[in-house]
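Student: Handing you this structure, nothing more for now.
The values are calculated or read from the model by the stated rules, or taken from the named source; none is laboratory data. Note that the coordinates shown come from a computational prediction; the quantities given were computed from them, not determined experimentally. All Cβ positions, glycine included, derive from the backbone under ideal geometry; neighbour counts span all protein chains shown. Heavy atoms of the whole protein, side chains included, go into the accessibility calculation; ligands, DNA and RNA do not. Shrake-Rupley method; radii C 1.70, N 1.55, O 1.52, S 1.80 Å.
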Amino acid sequence: MSGLNKGVGRVEVTLKWDPAPAGAPAHDLDLVAGVFPTGDPHGAPAQLVHFGSRSPDGTITLHRDSRTGQGFGYDEAMTLELDRLDARYERVVVGVVIQQSGGRLTFGDIASTGIRVREGYTDLLVHDFADVRGARSATVVEFTRDGADGWSYRAISRGFDADPQAFGALMGSPVS
């Protein structure tokens, strides 16, 4: 990247899935973003943004939350304003976790799952969770600060057999 390239600035991450069959407990999937500090980009997240929360500075906001997957198209949406994120943070990981209140569910148990990462009208990443069918949670994309060149992104499809409480601690771990 040249010094004039700002990299990725403001992105929207959206999530979709089909509702549970009639009579079955609702399928509830949630977007989660972990923000990691400079000097410890694979440790514990300094911030964990999920349903009912946002980053303290307002740069990461979940502005649409679905508990059922009912709706047209993408049911959950999170905005990340990476270009406004404080310089003390160098990595942001976005993932999805399946709530387990209706029994053990994996991505393979839920129809039509999909996630899209966009900057403006440009799709940066589209993923369907087919490669993590047996997982209860998964990371999808990471954004890393590239010094003066801003932020870059890469897909990191990685499944975990972790419930919502454990996923936050695991999502930033290095790939082995």
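Student: So, in region 59-101, how many residues would count as being among the small types (Gly, Ala, Ser) and farther than 12 Å from residue 29 by Cα?
Tutor: At the first step, the residues of region 59-101 found to be among the small types (Gly, Ala, Ser) are 66, 69, 71, 73, 77, 87, 95, 101.
Those left that are additionally farther than 12 Å from residue 29 by Cα: 71, 73, 87.
Within region 59-101, residues that are among the small types (Gly, Ala, Ser) and farther than 12 Å from residue 29 by Cα number 3.
Student: From (1) of a type in the set (A, V, I, L, M, F, W, C); (2) touching a strand residue (DSSP E or B) at 6+ places or on another chain (Cβ under 9 Å); (3) buried (at least 19 other Cβ atoms within 10 Å of the Cβ); (4) part of a loop (DSSP other than H, G, I, E, B), pick out the condition that doesn't hold for residue 20.
Tutor: That leaves (2) as the condition not met.
Student: Further, regarding this structure: Could you say whether any residue in region 55-75 is touching a residue at least 60 places away in the same chain (Cβ under 8 Å) and in contact with a Leu (Cβ under 9 Å, 6 or more places away or on another chain)? Break it down into steps so the answer makes sense when it comes.
Tutor: Taking region 55-75 as the starting set, the residues that turn out to be touching a residue at least 60 places away in the same chain (Cβ under 8 Å) are 74-75.
From what is left, the residues that are in contact with a Leu (Cβ under 9 Å, 6 or more places away or on another chain) are 74-75.
Yes - at least one qualifying residue is present in region 55-75.
Student: Would you check if there is a residue in region 110-127 being among the charged types (D, E, K, R) and at pLDDT below 95? Break it down stepwise before answering.
Tutor: In the first step, residues of region 110-127 are kept if they are among the charged types (D, E, K, R); the result is 116, 118-119, 123.
Now narrow it down to the ones that are at pLDDT below 95: none.
No, because not a single residue in region 110-127 is among the charged types (D, E, K, R) and at pLDDT below 95.
Student: Considering only region 73-108, how many residues are acidic (Asp, Glu), surrounded by fewer than 17 Cβ atoms within 10 Å (Cβ to Cβ) and modelled with pLDDT under 95?
Tutor: Of all residues in region 73-108, those acidic (Asp, Glu) come to 75-76, 81, 83, 86, 90.
The next check asks that each one be surrounded by fewer than 17 Cβ atoms within 10 Å (Cβ to Cβ); those that pass are 81, 83, 86.
Subset that is modelled with pLDDT under 95: 83, 86.
Total meeting the criteria: 2.
Student: Select from region 128-168 the residues that are without any contact (Cβ under 8 Å) to a residue 24 or more places away in the chain and either of a type outside the set (A, V, I, L, M, F, W, C) or open to solvent by 60 Å² or more (accessible area, probe 1.4 Å) (or both) and list them in ascending order.
Tutor: Matches in region 128-168: 128, 147, 154, 165.
Student: For region 39-63, enumerate the residues that are on the phi < 0 side of the Ramachandran plot, open to solvent by 40 Å² or more (accessible area, probe 1.4 Å) and either in contact with a Phe, Trp or Tyr (Cβ under 8 Å, 6 or more places away or on another chain) or assigned to a loop (DSSP other than H, G, I, E, B) (or both).
Tutor: Correct list: 40, 42, 44, 46, 50, 51, 56, 57.
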